[in-house]
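Read through the structure below, which is laid out as structure tokens, and then see the notes.
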Amino acid sequence: MLKDLQTLVSLCKRRGFIFQSSEIYGGINACYDYGPLGVELKMNIKKVWWDSMVSRTDIEGLDAAILMAPQVWKASGHVDGFSDPMIECKSCKARHRADNLKDPSKCPNCGNSEMSEPRQFNLMFKTFMGPLEETASTVYLRPETAQGIFVNFENVQVSARKKIPFGIAQIGKAFRNEITPGNFTFRTREFEQMEMQYFVKPGTDDEYMEMWKDIRKNFYSELGFNMERFRFHEHGSDELAHYAKGAFDIEYEFPIGWQELEGIHNRTDFDLTQHEKFSGKSLAYFEEASKEKFVPYVIETSAGCDRMILAALCDAYNEENVSSDPAKEDKRVVLKFHPKIAPIKVSVLPLSKKPQLQELAHKITSDLSQNFRVQYDETGSIGKRYRRQDEIGTPLCVTVDFESLEDNSVTVRHRDSMAQDRVEMSKINNYVFEKLNQFGG
Ligand code: GAP
């Protein structure tokens, strides 16, 4: 198990998963870039989530713009209510979230005891649309993707001819000027959300809330997460967002403790009703079967993509002593990703730099690349190369050795068990396919 985030931060940089944004300029706080392996991991996670949503006949997809009419954020309550109480240290000028301070009269940064009164600090980033930098042209970078779905409720319902209950799923960037970002990618100022809003008839909302709690829990379990590190936390009345009737967080046990990974909220008809008020347009739905007209309630599942990636990295991280001599230690670090999200599915390793082996290994790489994300690696001892692939979570390594030239077979080494199989080259594609699909099953 991963003991501290710092170990992961170094692995992510060393292997090319995640880098600090603008690093050569000293970095910009709470913004991160995904490197070659990170971007594969991210795309895989998004795809698994996306498929789990839009493969259902009752869910449609959407990709709304980041910039929206400013009235949207008035209607949603973000202009007036999306703020955290902030206290500033009068000495070092550090700003702290008032609700996070154990002792609001003492600065945790410098120890000074002259602190400002708490003041509300809006978390939305502002910019200007058009050539004039004036209040009238202020627009916001969306702080959640959800509002793009609410304002398109009718467009999607009518164009896709959906009947209630149905949902709309979306993946996209969101921005929050967090006062206390940190813990690597856990809380950043630019992040991606994977949200789904499920529109239901009022009165059926509790039932659908339970349904989505189950579906979302199963999602993590099917992806091979350790379910002992998962729990639901129900919001008490003092924690509920202004729009919510009920809310559950799916919490994950990160090295920094139990933290929210995803929220499942009963948003009632709050958002659609607010948009009706502010836009003057009816967003009521007419149910043919009952001849009833109503504004639907919304059950929302809202996951942070970057936070899910962080959880996947933490969950996959293992350190194992693989020494055959119990008196000695030979540590391997291995990321035991589910093959669906592993950035590289299979690596191809010629045992030596002998041209015949390289040629064969290149041919296998190019054949396997038709179906899988493959990495070719010929640098260093075979032991070192296995360790490198373990550390980036590659489920299978195909080694081309001298015997391969004679018997047209290769050795396949399995990441988790480290077992090795000899496989005929002509069958390697099917073999890899089968092993990746058998994982965990
Ligand atoms: N539409 C509802 C909504 O946005 P939220 O609980 O504020 O609800 C949902 O956010 C999810 O988005 C969180 O569970 C978390 O995974 C992710 N998230 C929120 N703020 C974040 C931040 N500053 N950095 C990274 N992820 C964040």
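Between Ser105, Pro118, Ile28, the Cα set farthest toward the positive side of the dipole of the chain (charges on each charged residue's Cβ, about the Cα centre) is that of Ile28. The distance between label points at Ala160 and Asp214 comes to 2.3 nm (points 7 Å beyond Cα on the Cα→Cβ vector). How would region 344-438 be classified by its alpha-carbon gyration tensor: rounded, prolate or oblate, with rounded meaning a/c under 1.5 and the a/b versus b/c comparison settling the rest? Rounded, since a/c falls under 1.5. Here the label points at Glu319 and Asp367, each 7 Å from Cα along the C-beta direction, are separated by 4.0 nm in the simple model. Under the convention that each Lys and Arg Cβ holds +1 and each Asp and Glu Cβ holds -1, the size of the dipole of region 344-438 around its Cα centre is about 320 debye.
Here region 344-438 carries DSSP beta bridges of which approximately 55% are antiparallel, counting only pairs with both residues inside. Spatially, region 1-80 and region 391-430 are offset by 34 Å when compared through their Cα centroids.
The charge dipole of the chain, taken about its Cα centre with unit charges on the Cβ of Lys, Arg, Asp and Glu (plus for the first two, minus for the last two), comes to roughly 800 debye. Take the Cβ atoms of Met43 and Met129, set R0 to 30 Å, and the FRET efficiency comes out at 0.50. Take the Cα coordinates of region 56-180, assign each an equal point scatterer, and use the Debye formula without solvent to give log10 I(q)/I(0) at q = 0.19, 0.20, 0.21 Å⁻¹. Relative scattering, expressed as log10 I(q)/I(0), comes to -1.01, -1.06, -1.10. What shape does region 197-237 take by its C-alpha gyration tensor, where a ≥ b ≥ c are the square roots of the eigenvalues and a/c under 1.5 counts as rounded, a/b above b/c as prolate, and the rest as oblate? Oblate. Label sites at Ala419 and Asp51, each approximated as a point 7 angstrom past Cα along Cα to Cβ, lie 2.5 nm apart. Here's the list of aspartates and glutamates a cross-link from Lys328 could span, going by alpha-carbon distance under 13 Å and ignoring same-chain residues fewer than 8 apart: Glu320.
Tell me, what is the FRET efficiency for Leu405 and Glu434 to the nearest 0.05, using R0 = 30 angstrom and their Cβ-Cβ distance as r? E between Leu405 and Glu434, to the nearest 0.05, is 0.75. Cross-link partners of Lys427 among lysines, defined as those whose alpha carbon lies under 22 angstrom from its own and excluding same-chain residues fewer than eight positions apart: Lys340, Lys345, Lys363, Lys435. Relative to one another, the C-alpha centroids of region 162-203 and region 280-354 are positioned 16 Å apart.
The calculated FRET efficiency for the pair Ser426 and Asn109, based on their C-beta separation and a Förster distance of 60 Å, comes to about 0.40. Both radii are taken from the alpha-carbon atoms of the chain; with Rh as the Kirkwood radius, Rg/Rh is 1.03.
Readers should treat all values here as calculations from the given coordinates under stated rules, not as data from a laboratory. Keep in mind the model is a prediction, meaning the values are calculated, not measured. Note: ideal-geometry Cβ built from the backbone for every residue, glycine included; neighbour counts use all protein chains shown.
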